[in-house]
Amino acid sequence: MSEFFDVRLFTEVFVTLFVIMDPPGTVPVFLGLTGAMGAKQRNQAARTAIFVAFGVIVAFAVFGQQILSYMHISLPALQTAGGLLLLLVAMELLTGKMEEPQPSGNKSVNVALVPLGTPLLAGPGAIVATMVFVQRAGERGGGVAEWVAIAAGVVAVHVCLWLSMRFANVINRVLGDSGTILVTRIAGLLLAAIAVQLVADAVIEFVQNAS
């Protein structure tokens, strides 16, 4: 069985991405971003966001190093960009702009793509972590068991993300409108702190690389 599946690597990939992507923590943010949608639109947004996040993670896992090298982009630069974008989203959550009714259905699709699919789900942390696992597996020869374990870990985390957003409607009914708004404000504050931390970590790495 170990020849075809590396349980230890799968566990490491799953736990790392689960902590970074934080399926339970996405629920209040998801409710805030999709507050003006109906149940059907919210479910569609969840599916779209999962497909987008999975596509981004897979793309960077396969072509990440080549893309960044070709465009002369460093990992700290990618992290800074993601942090700034998350900060803009956090400001909208804190000021209530995400709760305003959208004039057309296209807006809901855009929310599912950006910022929900990326960088909220497939953010700099998840992208970099996946690239590190792939690079490590490649340096050790990249056996079938390791590639299967990495792929299974990524899929498992995305299944957890989908389940957390799929049942966000239940949470929404339990909390009610006032509770959802309160949770949204708290999520915006936490998201702002995460964004600032991403930028701060990137600045520290910039300084270390320059010295």
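Structure values in brief
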{"read-out": "Selection within region 119-138 - at pLDDT 85 or above and either exposed (fewer than 15 other Cβ atoms within 10 Å of the Cβ) or of a type in the set (Val, Ile, Thr) (or both)", "value": "ILE127, THR130, VAL134"}
{"read-out": "Residues that are open to solvent by 80 Å² or more (accessible area, probe 1.4 Å), of a type in the set (Gly, Ala, Ser) and modelled with pLDDT of 80 or more, drawn from region 183-211", "value": "ALA210"}
{"read-out": "Qualifying residue in region 2-10 (condition: farther than 17 Å from LEU116 by Cα, free of Cβ contacts under 8 Å to residues at least 24 places away in the same chain and hydrophobic (A, V, I, L, M, F, W, C))", "value": "no"}
{"read-out": "Selection within region 63-75 - surrounded by 13 or more Cβ atoms within 10 Å (Cβ to Cβ) and more than 14 Å from GLY123 (Cβ to Cβ)", "value": "GLN65, ILE67, LEU68, SER74"}
{"read-out": "Count - residues of region 11-22 that are in contact with a helix residue (DSSP H, G or I) (Cβ under 6 Å, 6 or more places away or on another chain) and either surrounded by fewer than 18 Cβ atoms within 10 Å (Cβ to Cβ) or without any contact (Cβ under 8 Å) to a residue 24 or more places away in the chain (or both)", "value": "2"}
{"read-out": "Matching residues, region 147-182, being among the small types (Gly, Ala, Ser) and either closer than 23 Å to ASP6 by Cα or surrounded by 13 or more Cβ atoms within 10 Å (Cβ to Cβ) (or both)", "value": "ALA149, ALA151, ALA152, GLY153, ALA156, SER164, ALA168, GLY179"}
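The values are calculated or read from the model by the stated rules, or taken from the named source; none is laboratory data. As the structure is a computational prediction, the values presented were derived from the model and not from experiment. Every residue, glycine as well, gets a Cβ built from its backbone with ideal geometry; the counts of neighbours run over all protein chains shown. Just so you know, the surface numbers come from the protein's heavy atoms only, side chains and all, with ligands and any DNA or RNA stripped out. Shrake-Rupley method; radii C 1.70, N 1.55, O 1.52, S 1.80 Å.
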